[in-house]
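Data first, discussion second: the structure below is written as C-alpha cells.
The values are calculated or read from the model by the stated rules, or taken from the named source; none is laboratory data. Nothing here was measured: the structure is a model prediction, and the numbers come from that model. Don't worry about glycine lacking a Cβ; one is built from the backbone with ideal geometry, like all the others, and counts go over all protein chains shown. The protein model used for the area step is the full one, side chains on, heavy atoms only, and it has no ligands, DNA or RNA in it. Shrake-Rupley method; radii C 1.70, N 1.55, O 1.52, S 1.80 Å.
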Amino acid sequence: MDFIKGTLKRILFQGDNGYLVGLFKVKEANSENSEIVNQTITFTGYFHEINDMDTYIFHGKFVFHQKYGEQFQVESYERLEREDRDSIVEFLTSGLFKGIGEKKAQKIVDVLGKDTLKIILENPENLILIPTITKKQADMLHNTLLEYESSYQTILFLTDLGFSTKESMLIYNKYKIKTMDIINENLYQLTYDLLDIGFKKIDTIALNKEYSKTDNRRIEAVIIYVMTEICNTIGHSYLLIDEIYSNTLKVLNVKIDDETFINNLNNLILSNKVVKDNEKYFLFEMNEAEEYIAKRIKYLVNKSDTEIKKLEDKISLLESSNNIKYNEEQLLAIRSSQTKHFLTITGGPGTGKTTIIKAIVNLYKELNKLSYDNLIKEVVMLAPTGRASKRISESTLLPAYTIHRFLKWNKDTNKFAVNEYNKSEAKMVIIDEGSMVDVNLFYSLLKGIKTDTKIILVGDYYQLPSVGPGQVLKDIIESEVVPVIKLNYLYRQEEGSNIINLAYDVNSGMINDDVFNTNKKDLVFEEVDSSLVIDTIKKICTKHKKDSYKDFQVLVPMYKTLNGIDNLNKIIQDIFNPKSSKKKEITVGDVIYRENDKILQLSNMPDENIFNGDIGVISSIDKKEIMIDFDGNSVRFTPSNFNKFKHGYAISIHKSQGSEFKTVILPVVGGYGKMLYRKLYYTAITRSKKKLYLVGEYSALKKGSFNNNSDIRRTTIKDRLIAKIGNNA
C-alpha cells in the first residue's frame, strides 16, 4: 500500500456520505512515488473531518478514473498533531471556534505553548489565565475541541477494530455522538442498521472483541441474517420456524437449545424486526412491502373506470395509421389500458406484447392531445434490466429506463432519490418484463409514484421469477381479483416458428417429437453425448464466427462443470477472438481478456449508464485499464472494478432475461442436475428470435420440461389481494 503526506488544497466534490474528491499538495511519499513530491494531485476517499490547516498521511493506491484521470484512492488516513505555533494559531482562527480572532489565538498559544490543544482538552479553566478570555469562551473552546477530537478518535477506534475508513464513516454518520455507546452496548446493532457492511464482517469483529458465540445479541443478529439470506437466495417472502432454527445453528457454529432460540426469536418479534402470522415468519420490511403492494393495488383496482368518449373510434384510427389489425385480446388490452387504473398484460413469446405497449402509448397521446415532450413527462416506460429497457425503447421510439435509473438509485447509500418524499410526476407507468420485478423493487417503485398513477404491468407468466424475493407478476395473475388480459394468439406461429412451438411444449411438460422433424430451419437439435457437447458447440460457433456479437449467444444453466459457463467462455473465446499479436491482452486471475472480447456486465453502474446484464465489447487495453464499449457508451475499468464484468460468449439463462438474440445455442445435459427445470429452459428458448440450436441429450431436455418443482416460492401477495379485494375486481 502506498502513502502520501501533505495538505488539502481544495475539495472538488463532496457527497452526503463523507465521500470526497479533492486536490492534495504532496510533501512526502514512499520511494515508488517520489516524483510527485511538491506536486498537487487528485485524491478520493471517505473522510469524517478534513481541512486545509492540518497535515495528513493518506494510505491507499493510485487508480485511473476516465473523467478525472489519475487519482490517489485513500483507504485510510491519519491527522498529524499540530505542534508549531503558527499552525495552532491558524487552527484556532479557522472559524471552528466562534469569537476567536488572531490576536486572542496568539495570546492563547503564547501562554499555553505547543501543548495548547491538549491543555484546553484537559481543563478549560486553564484558559481563564489568559487576559480577555471569558469563561463562556473557555467552555466553548473546550466543548468544540472535544467534539472535534472525539469524532476523529471515534473513527480511529472503529478502524482499529477492523472496519475500513468507508465503513467507519458509515457507522459514525449513522450514530454520531452515540457511536461509542452503541458499539459498547451492542456491536450487532450495526447488522440491523448498516446493511452495506455485512453480517460476516461485523460478526468477526464482535467475536474478536470477546463476544460469546451464544451471546443473545449474536443469536438475534444471526436469526435476522439467516432469514435475509434464505429470502434473497431462494426467493421466499416468509419462512417456517424449522428452517430458521436449523440454519441459525449452522451459522452460530455452536449448539443452543430450543428454548434459547424461541426466546430470541420472540425478542425479535417484540422489537418489530420479525413479524409472525400464524406459522409464517416475515422480516418486518418484507411483510411491510407485500402488505403495501396489496393495499396500493386494491386502491387502484377499486377506482371507477375512466369513461372515454369515442374510444373505439380512436382505436380504429390507431389501426389505420399503423396499418395494423389488432385481434380481440389485443383490443381488450388496449381499451383496458385507458379505462383501468391497474392492469396486467401477460403472454408468451410471439403474442404481441411489445406491439400492445406501443399502441397503449400512442393512444394515450392522442386521447390527451399531448406533444412529444409532454408525453414523455406523463408516460414512463420501465424495465428491470438495461437491455430490456433498450429493447422497448427501440420498439416504441420513446425513452425507456431501468427501474433503478428512474428512481435515481444512489449506489453509495443504496437509496432511491425518487421516493415517498419526492414522488415522480408520471401519470402512467408501464413496466415491461414484469416477471423479473421482485417485491422490494416493486415496493420502492410504488412509493416513488403518486397514489393515482396508472400502472400497467406487462410480462410472461411462465418465465423465470425475479432474482430477488417474491413473485409479484405471478401472484397478481393468480389472485384472479385484478384485471388481467391474457394474450394467447401466436403471431410468430403464423410464420411457422418451431422455436415458439418448442417453448410452449416445454411449458406444458410434453414435448412433441415432430417439432424437430420438419423442414423448417429455425430449430436444430444436435443430439450428442455430454462428452461431445463442447466439440459440437465449437463446430456451430465456427459456422457463426462472422456474426455480430449482439446476435449470437450461448446460454448455459450453470457456471461450473465441463459444460459450464466458465469453461465454455474460454473455448468460445478462441473461436471468435483468438490470440493475435495485433490485440493486447490482460490476465485477471485465471482469465485472459483481450481486445475485441465479448463482455457481460455483472452489476449496476448507473453513473456510467450501464447495468447488470448489459453486453459490450473490449475496445482497448492499456496497461492495467480496460475500455469496454456498450452500444456506443465507452466505459473505462481499472483493477478495482474488474470484478464487475466477465466474458459474455456464454452467459447464464438468468442473465439473459429481458434480452433477445437472433441465434442461441442451448446445451442440455443431465450433468446440470437441479438446474434442469421447466421455467429455466422455457426462458432460454424464448430468448431466440431466428435460430435455436439445442446441443446434448434429448432425455435431459425432456427431464427439464417435466420438472416444475424448482420454482416454487412462498409468498403472500396473492392471498392478501384475495382477502382485500375478493370478487370486486
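Residue check: is GLU28 open to solvent by 40 Å² or more (accessible area, probe 1.4 Å), part of a strand (DSSP E or B) and either among the aliphatic types (A, V, I, L, M) or under 30 Å from PHE416 (Cβ atoms) (or both)? Spelling it out, it is not the case that GLU28 is open to solvent by 40 Å² or more (accessible area, probe 1.4 Å), part of a strand (DSSP E or B) and either among the aliphatic types (A, V, I, L, M) or under 30 Å from PHE416 (Cβ atoms) (or both).
Tallying residues that are touching a Phe, Trp or Tyr at 6+ places or on another chain (Cβ under 9 Å), surrounded by fewer than 16 Cβ atoms within 10 Å (Cβ to Cβ) and at pLDDT 90 or above within segment 164-194 yields 4. Flag: SER316 does not match the condition of being under 30 Å from the mean Cα position of the chain (by Cα) and not basic (Lys, Arg).
Selection within segment 706-728: residues that are open to solvent by less than 70 Å² (accessible area, probe 1.4 Å) and modelled with pLDDT under 90. The member of this set that is nearest to GLY235 (Cα to Cα) is ASP711.
Find the residue count for segment 522-563, including only residues that are open to solvent by less than 30 Å² (accessible area, probe 1.4 Å) and either over 18 Å from THR683 (Cα atoms) or touching a Gly at 6+ places or on another chain (Cβ under 9 Å) (or both). Talk me through it step by step, then tell me what you get.
Going residue by residue through segment 522-563, those that are open to solvent by less than 30 Å² (accessible area, probe 1.4 Å) are 522-523, 533-534, 536-537, 540-541, 544, 552-557, 563.
Retained after the next criterion (residues that are either over 18 Å from THR683 (Cα atoms) or touching a Gly at 6+ places or on another chain (Cβ under 9 Å) (or both)): 522, 533-534, 536-537, 540-541, 544, 553, 556-557, 563.
Counting residues in segment 522-563 that are open to solvent by less than 30 Å² (accessible area, probe 1.4 Å) and either over 18 Å from THR683 (Cα atoms) or touching a Gly at 6+ places or on another chain (Cβ under 9 Å) (or both) gives 12.
In segment 35-57, which residues are open to solvent by less than 70 Å² (accessible area, probe 1.4 Å) and either outside any loop (DSSP other than H, G, I, E, B) or without any contact (Cβ under 8 Å) to a residue 40 or more places away in the chain (or both)? ILE36, VAL37, ILE41, THR42, PHE43, THR44, GLY45, TYR46, TYR56, ILE57, listed by residue number. For segment 163-213, the tally of residues that are under 26 Å from HIS59 (Cβ atoms) and either outside any helix (DSSP H, G or I) or touching a Pro at 6+ places or on another chain (Cβ under 7 Å) (or both) stands at 8.
Being in contact with a Ser or Thr (Cβ under 8 Å, 6 or more places away or on another chain) and part of a loop (DSSP other than H, G, I, E, B) is the filter; apply it to segment 674-705 and report the residue that is most open to solvent (accessible area, probe 1.4 Å). Once the filter is applied, the top-ranked residue is GLU697.
ASP566 meets all of the listed conditions (1) over 15 Å from LYS646 (Cβ atoms); (2) assigned to a helix (DSSP H, G or I); (3) open to solvent by 40 Å² or more (accessible area, probe 1.4 Å) but one, namely (1).
Under the condition of being under 27 Å from the mean Cα position of the chain (by Cα) and open to solvent by less than 10 Å² (accessible area, probe 1.4 Å), the residues counted in segment 653-665 number 7.
Among strands (runs of 3 or more DSSP E) lying entirely in segment 355-467, which contain 1 or more residues that are open to solvent by 70 Å² or more (accessible area, probe 1.4 Å) and of a type outside the set (S, T, N, Q)? Answer list for segment 355-467: 400-402.
Checking every residue in segment 254-270 against the condition of being over 24 Å from ASP438 (Cα atoms), open to solvent by less than 20 Å² (accessible area, probe 1.4 Å), in a helix (DSSP H, G or I) and in contact with a strand residue (DSSP E or B) (Cβ under 6 Å, 6 or more places away or on another chain) gives at least one match. Give the residues of segment 98-118 that are surrounded by fewer than 20 Cβ atoms within 10 Å (Cβ to Cβ) and touching a residue at least 40 places away in the same chain (Cβ under 8 Å), sorted by residue number. Matches in segment 98-118: LYS98, GLY99.
Scanning segment 119-155 for residues that are β-branched (Val, Ile, Thr), open to solvent by 50 Å² or more (accessible area, probe 1.4 Å) and assigned to a helix (DSSP H, G or I) gives a single hit, ILE128. Among the conditions (1) under 28 Å from ASN596 (Cα atoms); (2) touching a helix residue (DSSP H, G or I) at 6+ places or on another chain (Cβ under 8 Å); (3) of a type outside the set (Asp, Glu), VAL528 misses just one, which is (1). Against the conditions (1) surrounded by fewer than 21 Cβ atoms within 10 Å (Cβ to Cβ); (2) over 22 Å from the mean Cα position of the chain (by Cα), ILE618 satisfies every one except (1). Every condition in (1) without any contact (Cβ under 8 Å) to a residue 60 or more places away in the chain; (2) within 35 Å of the chain's Cα centre (by Cα); (3) more than 30 Å from ILE685 (Cβ to Cβ) holds for ILE293 except the one numbered (1). Going through (1) open to solvent by 60 Å² or more (accessible area, probe 1.4 Å); (2) touching a Leu at 6+ places or on another chain (Cβ under 9 Å); (3) farther than 30 Å from SER444 by Cβ; (4) hydroxyl-bearing (Ser, Thr, Tyr) one by one, SER320 falls short only on (2). Considering segment 78-89, the residues that are in contact with an Asp or Glu (Cβ under 9 Å, 6 or more places away or on another chain) and not in a loop (DSSP other than H, G, I, E, B) include one that is surrounded by the fewest Cβ atoms within 10 Å (Cβ to Cβ), namely ARG85. Restricting GLY60, GLY95 to residues that are of a type outside the set (Val, Ile, Thr) and surrounded by 17 or more Cβ atoms within 10 Å (Cβ to Cβ) narrows the list to GLY60.
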